[in-house]
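None of the figures in this text is laboratory data; all of them are computed from the coordinates on show. This one's a predicted model, so the numbers in the text were calculated from it and none came from an experiment. Cβ placement follows ideal geometry from the backbone for every residue including glycine, while neighbour counts extend to all protein chains displayed.
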Number of protein chains: 2
Amino acid sequence: MKAKSFADMACSIAGALEAIGDRWSLLIVRDLSIGLSRYDELQTSTGMPPTTLADRLRHLESTGLVEKRRYSQRPPRHEYVLTAEGRDLWVVTMALAQWGDRWDASGRGAPPVDFIDRGSGHPIRLACVDAQTGEPVAIDQVRLRPGRGADDLVRWRIAQGAKRP
Amino acid sequence: MKAKSFADMACSIAGALEAIGDRWSLLIVRDLSIGLSRYDELQTSTGMPPTTLADRLRHLESTGLVEKRRYSQRPPRHEYVLTAEGRDLWVVTMALAQWGDRWDASGRGAPPVDFIDRGSGHPIRLACVDAQTGEPVAIDQVRLRPGRGADDLVRWRIAQGAKRP
DNA sequence: CGCAATAACTACAATAATTGTAGTGAGTGA
DNA sequence: TCACTCACTACAATTATTGTAGTTATTGCG
């Protein structure tokens, strides 16, 4: 059957996953973030079948994460670039990369890619910080609270989860 | 055809996606992170079909993100809890939530869930920081470099991307 | 000019996966 | 005994995914 939509779920995570699409889409976003832009580059890099690639690019275009641009009239040549919204997914791919590095998800015993500060040359990581002060916050200090966009299910979920933290 | 595996891709992102499975799996991880643990809680919370839920739980168990525990002999009752590896995916779900909040992926005009510091009550966010000093780093300061686990394709990808940043 | 090559896909048939609905079994509480 | 909860499984219908092959448009080379 048709894949069920996550769009009407009152959840930012579900909405984000819906906008992205699937695993392949995230690999595309990864590559576009790095700087790849052409169809055949994406195919080479991801190894995905052409039908799936074309389909996912259409999806990412329809959800506004990717823009298809013609960079040559003759011959007709296209490139795919991330929109501001798509570029912002950088944090998501970096979170996945950081997790994958820590737990050796690549199976190579060492990170395939290092993220480093262009200036200092130091490695970079994602951290939980106080949005106002910028001070680091330990994850067990984080608490969930229904927000203005919450519905009954969200409230139930948080209440249910609070019983056994 | 059978979904192609991401396991042998020399990429931590691909490896992480393989370990997780698919969109539904991430919704499960979200719920387990919050504190839900029982099969029917997960079904209510996610709204996913039972066959898919059972399948995804088996997958998450097989990749070591989730542990199935019997918490009652009579009647036989089970609960699903995240392993250390699974709990660590917290950063990924938070990255998705943060992106979704920023771009209103939930379609509700406001975040369904607020992440706040238990102590100060301040909102919390993910930030890119220097792994050594903890200082904040702007995303356009981040550079990619092939790591010790890189292969030819990773090197090609980074080199290709560096041409047009 | 003729021919190979490149970019960017589409077509197609086989195979898998997903979905909704329904049903199962084990056990409890009334 | 009956209704109920929990934790799933069975099943058929429908869709999606995959690999291979082929297409269209154009350029560069000899």
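Look at the alpha carbon pairs under 8 Å that are at least 6 residues apart: their mean separation over the length of chain A gives a relative contact order of 15 percent. The overall shape of the range A:69-111 is oblate: from the C-alpha gyration tensor, with semi-axes ordered a ≥ b ≥ c, the ratio a/c is 1.5 or greater and a/b is no larger than b/c. Remark: the range B:9-125 carries a charge dipole of roughly 320 debye about the Cα centre, counting +1 on each Lys and Arg Cβ and -1 on each Asp and Glu Cβ. Too long at a 24 Å Cα-Cα cut-off: which of A:Lys68/B:Lys4; B:Lys4/B:Lys163; A:Lys68/B:Lys163? Beyond 24 Å: A:Lys68/B:Lys4; B:Lys4/B:Lys163. Charge dipole of the protein assembly as shown (Cα centre as origin; +1 on each Lys and Arg Cβ, -1 on each Asp and Glu Cβ, all else neutral): 540 debye, rounded to the nearest 20.
Starting from the label point of B:Asp8 at 7 Å along Cα→Cβ, the same points in the other copies fall at 4.3 nm, in ascending order. Peptide A:140-152 shows a mean partner chain C-beta count of 6 within 10 Å per residue C-beta.
Any idea which of B:Pro136, B:Ala84, B:Ser106 is furthest toward the positive side of the dipole for the range B:1-153, if Lys and Arg beta-carbons carry +1 and Asp and Glu beta-carbons -1? Of the options given, the answer is B:Ala84. Counting Lys and Arg as +1 and Asp and Glu as -1 over every other residue whose Cβ lies under 13 Å from the Cβ of B:Gly134, the net charge comes to -4. Largest mean-square fluctuation among A:Thr133, A:Thr52, A:Thr93, in a Gaussian network model of chain A whose springs join Cα atoms under 10 Å apart, belongs to A:Thr133.
Using C-alpha pairs under 8 Å with a sequence gap of at least 6, the mean separation divided by the residue count of the range B:5-52 gives a relative contact order of 23 percent.
Under a Cβ-only charge scheme (Lys and Arg +1, Asp and Glu -1), can you give me the dipole magnitude of the range A:1-60 about the Cα centre, in debye to the nearest 20?
Here the size comes out at about 100 debye.
Overall, the anisotropy analysis places chain A in the oblate class: the square-rooted eigenvalues a ≥ b ≥ c of its C-alpha gyration tensor yield a/c not less than 1.5, with a/b not exceeding b/c.
Tell me, how many Å apart are the Cα centres for the range B:10-65 and for the range A:105-130? What the calculation gives is 26 Å, centre to centre. Partner shielding of A:23-29 amounts to 4, given as the average count of beta-carbon atoms from other chains within 10 Å of each residue beta-carbon.
Taking each residue of B:37-45 in turn, how many C-beta atoms of other protein chains fall within 10 Å of its C-beta, and what is the average? Intermediate values should be presented prior to the final figure.
Values: counts 4, 2, 0, 0, 4, 0, 0, 4, 7.
So the per-residue partner count for this stretch is 2.
Which angle from 0 to 90°, rounded to the nearest 10, does the C-alpha axis of helix B:90-102 make with the longest principal axis of chain B? For B:90-102 against chain B, the angle is about 80 degrees. Chain A holds its axis-closest Cβ, relative to the rotation onto B, at the residue and whole-Å distance A:Ala95, 2. Sorted from shortest to longest, the distances between the B:Pro123 label points of this copy and the other copies are 3.1 nm, with each point 7 Å from Cα along the line through the beta carbon. Dividing the helix sum by the residues of chain B, where each DSSP H run of 4 or more adds -39500 (n - 2.57), gives a mean residue ellipticity at 222 nm of -12500 deg cm²/dmol.
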